[in-house]
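Reviewing the structure listed below.
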Amino acid sequence: RRLGGAEIAPLHANFILNRGEARAIEVLELIRLAQREVREQFGIQLEPEVQFVGRWSDTVLGSVLGSAA
């Protein structure tokens, strides 16, 4: 899967690649997409293993981190 310049790595889905000029929001949206698809297909809620830096609203981070935000 790819969104703008961000792509889920074809050899290991735990990595997001920047294929040029990926924006932070594209990476975040790709993470959300992966979380949603894994939850729907396997019933597992993925949790990011990254630290989000910068200015993110609680709503945006909450959509990715769930109750851990």
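Structure notes:
- Some residue of the range 49-66 being basic (K, R), in a helix (DSSP H, G or I) and open to solvent by 50 Å² or more (accessible area, probe 1.4 Å): no
- Within the range 38-48, being of a type in the set (V, I, T) and either in a loop (DSSP other than H, G, I, E, B) or open to solvent by 60 Å² or more (accessible area, probe 1.4 Å) (or both) holds for one residue alone: I44.
- Every residue from the range 24-37 that is farther than 11 Å from I8 by Cβ and open to solvent by 40 Å² or more (accessible area, probe 1.4 Å): A24, I25, E29, R32, R36
The values are calculated or read from the model by the stated rules, or taken from the named source; none is laboratory data. The model shown is predicted, which means the values in this text are computed figures rather than measured ones. Every residue, glycine among them, receives a Cβ derived from its backbone with ideal geometry; neighbour counts consider all protein chains shown. Protein only, heavy atoms only, side chains kept; ligands, DNA and RNA dropped before computing areas. Shrake-Rupley method; radii C 1.70, N 1.55, O 1.52, S 1.80 Å.
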